[in-house]
Structure formats: C-alpha cells, structure tokens
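The values are calculated or read from the model by the stated rules, or taken from the named source; none is laboratory data. Note that this is a predicted model, so its numbers are computed, not measured. All Cβ positions, even for glycine, are placed from backbone atoms using ideal geometry, and neighbour counts span all protein chains on display. All accessible areas refer to the heavy atoms of the entire protein, side chains included, with ligands and DNA or RNA removed. Shrake-Rupley method; radii C 1.70, N 1.55, O 1.52, S 1.80 Å.
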Amino acid sequence: MEGPYRVNLSPPRNIAIPLPFSNDSNQHPAANVQFLQTSNTTADYHGNEIDEEEDSCNIFDGKWVYDPTASPLYSVSQCPFLSDQVSCQRNGRPDFEYEKWSWEAKGCEIPRFNGTDMLERLRGKRVTIVGDSLNRNQWESLACLLYSAIPASQAHIDVKNGVYKVFRAKEYNCTLEFYWSPFLVQLEENPENGSKILRLDTLSASAWKCRGADIMVFNTGHWWIHQGKNKAWDLFQYDGKLVEKMEIESAFGMAMKTWARWIDQNVDQSSTKVFFRSISPEHKGKQWCYNQTKLSKDECKQATYPNSMVEVVERTIGAMSTPVRLLNITKLSQYRRDAHPTIYTAKQGKLLTRMQKRQPKSYADCSHWCLPGVPDTWNRLLYASMVLDSSRDTSSSS
C-alpha cells in the first residue's frame, strides 16, 4: 500500500487530532496549488493519522473551513441529469451555507479540483464506480464536475433506472460508469419459491462489468445493516450451502473475501488503480440531520455501523496482493450533518408531498448527500490521489 491510502493493521498510537471544523467562520480556503506533497503517512479506517516520517501528510485528516464568498464548482442548472434524490436546491431547500465549506488537510495543501486536468489525465480511460446508492451519489457528483468542464455537445449521458449510469466525454474518449451492486456479491431470487439468496461466494454480475477499467472505486456497507422488514435477503449461500441465520460480520467478511479474491485474480496492477471508499456516515438518532445548518462539533463516537465491519474491511484490504487505496471519507463526512437532503428529496422516484414533509422522522433522508455538496469533496480527494500518484511517478523516474 502507498502513502495515506495504506491500511495499517497495527493498533494506532494515541494521537491528538483537532476537530475538523473551523472556529473562525471567516477563514478562507487555502489558495490553489499545483502539487500535493508526497506522503508516507498511513491512516486507519477512521481517518486517524499515524506518522511514519516527519513532514508527512494525510489528506483525510484536517478540518472544514467556511468561506462565505465561495461557490460550488457546478450548479444544478449545469447538470441536467442530476437526480431529484439529491437535488436539494431544485427541491426547495432554502439555505446555501452547506455549499460553502472546504476540506483542508493538516500539514499540506490539497489541490482544488480541476475538471479539465482530470479529463486530460483520464484521456482514453475507463473509470468505474461500483456499489450502493452512496456510490451512485459519488458518481453523480463526479459526472457533474466533469460535465461542467466541457461543452454539453461533447458529453454523452446514458442512465438506466439508477442501476447503470455512464458519462462519456467524447473529445477525451473517457467514460465514467456506475454499476449498482449494494453487496458487491450476488443477490438473486429463487424462481421456485421467490426467496432472495445472497450468494457470499459469487461476485455480482454488475461488479464483473468493471473488468478492464483503468480506475475502479468500490463500496459496500449500508445494506448489510438493514434488518427486519428492510432486510434484502432471506438466505445466505456459501460453498454450496444455504444458511438462514449467520452473524452479519461473518457474512460480510465472506463477501469481502470474495471481492478481494476477484480483484487479485482479475486486476492488472500495472494499468489499474483500485479504490475502496470507506462507509458514508448516516446522521440519525442523536445526530439527526433534519433542520441542521451547522457542522457537528463532537467526535461522533457513536457510529451507525458496527466497528467490526470496519475491521473486516481493514483486514481484507491489508491481506490483498493488489494495492487498494482506501478513500477514507468516513470521519470528514461525519461532521457534515448539515449537508443531507432531509425533506428536500425524492422517495421511490417521487418528490415528497407537503404532507410527507410534515413527517420528517419518517421521510427525512439523512443518508445521502445534497449536490453540490460533500461527495464533491470525496471526488476532490480522488483527484488529489491522481496528482499524488503522478508526482510520485515523476520523482521515481528522475
């Protein structure tokens, strides 16, 4: 593993990390820079920095800085294919402050996102984003960022019911593809009795479609913790056996091993970069997002997902022969309870009615993110990793 993307499986040292929000509401983001400092820092899944050398930098450890004069890199009007699920301004959200925060790393400067430069780096390449609706959220963000950097006539968009999305920049001959696969492994229905079987030893057909891509971004997590009537499966299948009950952490671990094995067997390390995006935090319960316009100021220790699942991801990636970069957005996103769609969203493809908006406990969306918004930062860090890799390659060849 390289730089800040490597997972260190040893117990982290106790390191004091300041809260990632600014105490000075008038502080402006750092000026644009042309490079990102090469780093030998490792980071655990929570984004805690573990220094290996002095002067190292972890782009996932830092703070949110508010700039009242800032504007997002694109607008809803510049992105006509943006879904109603995350188009908060188009759906009537009255405030704009959540669009004016910039993530700044501690100890180094992160380059501002440059859509034209990223397209040039992606010339002739395929980028695939595979996972659940939060990765679809990330695809929409990146597609809008790139779409706004070129003439509309040079772009082609193909969307199929939220399970398949493709953005193509014709002049650059590059594609950005999304494939719906919330578990990464195959979920299928038994034709005999209609039961839903989660096949823990079989990669999903959607995930297979990313084979041969130059950049792959995966995620999974949220669908595994759905229980009761929201549970998506009836039975697990592993090694030819059907099982009705299994500890979620065990099933999740088997699925992650299936994914890891497929990556190790099918990815050419010399031509493909693989990312795994850490879990996107929800803001429910005490951290409820409804009507919130300010960042959360605590360490958010009460996660909405089992820590054992976090450990499974760390162990799996750490044991792989293929280098996998951890796009470690969990902690920096945890502070942004202000940036969810809440009632300014769509459910099952339909905008909320006035009556539904009056029932925020039932209908507020505290899982996905408004766009423009937080996923733009995820993609800025993805772009930064490309700059980092390019800088490292240049240094090693000189």
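Mind checking whether some residue in segment 312-319 is within 15 Å of N137 (Cα to Cα), in contact with a Ser or Thr (Cβ under 8 Å, 6 or more places away or on another chain) and in contact (Cβ under 8 Å) with a residue 40 or more places away in the chain?
Within segment 312-319 (the criterion being within 15 Å of N137 (Cα to Cα), in contact with a Ser or Thr (Cβ under 8 Å, 6 or more places away or on another chain) and in contact (Cβ under 8 Å) with a residue 40 or more places away in the chain), the answer is no, since none of the residues qualifies.
Pairs only if they're at least six apart or on different chains, beta carbon under 6 angstrom, first in segment 220-243 and within 13 Å of L200 (Cβ to Cβ), second open to solvent by 60 Å² or more (accessible area, probe 1.4 Å) and modelled with pLDDT of 90 or more; list them, first residue then second.
W233/K196; L235/L242; L235/E244; Q237/R199
Quick test for you: out of K284, K301, K297, pick the one residue that is touching a Leu at 6+ places or on another chain (Cβ under 8 Å) and at pLDDT below 95.
Values: K284 fails: touching a Leu at 6+ places or on another chain (Cβ under 8 Å); K301 fails: touching a Leu at 6+ places or on another chain (Cβ under 8 Å).
Of the residues listed, the single one that is touching a Leu at 6+ places or on another chain (Cβ under 8 Å) and at pLDDT below 95 is K297.
Every residue, every condition in (1) touching a strand residue (DSSP E or B) at 6+ places or on another chain (Cβ under 6 Å); (2) open to solvent by less than 60 Å² (accessible area, probe 1.4 Å); (3) small (G, A, S), yes or no:
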position	(1), (2), (3)
S75	no, yes, yes
G115	no, yes, yes
M118	no, yes, no
S133	no, yes, yes
Y147	yes, yes, no
A152	no, no, yes
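Can you name the residue in segment 253-294 that is farther than 13 Å from M320 by Cα, open to solvent by 10 Å² or more (accessible area, probe 1.4 Å) and hydrophobic (A, V, I, L, M, F, W, C) and, of all such residues, is nearest to the chain's Cα centre (by Cα)?
Ranking the qualifying residues of segment 253-294, first place goes to I279.
Being modelled with pLDDT of 95 or more, open to solvent by 10 Å² or more (accessible area, probe 1.4 Å) and in a helix (DSSP H, G or I) is the filter here, so list the residues in segment 361-382 that pass it.
Of everything in segment 361-382, those that are modelled with pLDDT of 95 or more, open to solvent by 10 Å² or more (accessible area, probe 1.4 Å) and in a helix (DSSP H, G or I) turn out to be D376, T377, R380.
So the check is Cβ under 6 Å with 6+ separation or different chains; which pairs have a first residue in segment 157-178 that's closer than 14 Å to Y147 by Cβ and a second one that's part of a strand (DSSP E or B) and at pLDDT below 90?
Partner pairs satisfying both residue conditions: K165/V159.
For the subset of segment 198-221 comprising residues that are in a loop (DSSP other than H, G, I, E, B) and hydrophobic (A, V, I, L, M, F, W, C), which member is surrounded by the fewest Cβ atoms within 10 Å (Cβ to Cβ)?
The qualifying residue surrounded by the fewest Cβ atoms within 10 Å (Cβ to Cβ) is A213.
Determine which single condition Y344 fails, assuming it passes every other condition in (1) touching a Gly at 6+ places or on another chain (Cβ under 8 Å); (2) over 21 Å from S75 (Cα atoms).
(2)
Specify the residue that is nearest to F81 (Cα to Cα); the eligible residues are those in segment 159-196 that are in contact with a His (Cβ under 8 Å, 6 or more places away or on another chain) and basic (K, R).
Restricting to residues being in contact with a His (Cβ under 8 Å, 6 or more places away or on another chain) and basic (K, R), the top hit is R168.
Report the residue count in segment 304-321 for those that are polar (S, T, N, Q), crowded, with 17+ Cβ neighbours inside 10 Å and either at pLDDT 95 or above or part of a helix (DSSP H, G or I) (or both). Outline the logic, then answer.
Our first condition is that a residue be polar (S, T, N, Q); within segment 304-321, this holds for 304, 307-308, 316, 321.
Imposing the further condition that a residue be crowded, with 17+ Cβ neighbours inside 10 Å reduces the set to 304, 316.
If we keep only those that are either at pLDDT 95 or above or part of a helix (DSSP H, G or I) (or both) too, we end up with 316.
Total meeting the criteria: 1.
For the condition in a strand (DSSP E or B) and touching a Ser or Thr at 6+ places or on another chain (Cβ under 8 Å), what is the one hit in V130, V159?
On inspection, the qualifying residue turns out to be V130.
Does segment 90-113 hold any residues that are free of Cβ contacts under 8 Å to residues at least 24 places away in the same chain and either closer than 27 Å to K297 by Cβ or open to solvent by less than 30 Å² (accessible area, probe 1.4 Å) (or both), and which are they?
P94, F96
What number of residues within segment 162-197 satisfy the criterion of being assigned to a strand (DSSP E or B), of a type outside the set (S, T, N, Q) and open to solvent by 20 Å² or more (accessible area, probe 1.4 Å)?
Summing the residues that are assigned to a strand (DSSP E or B), of a type outside the set (S, T, N, Q) and open to solvent by 20 Å² or more (accessible area, probe 1.4 Å) in segment 162-197 gives 7.
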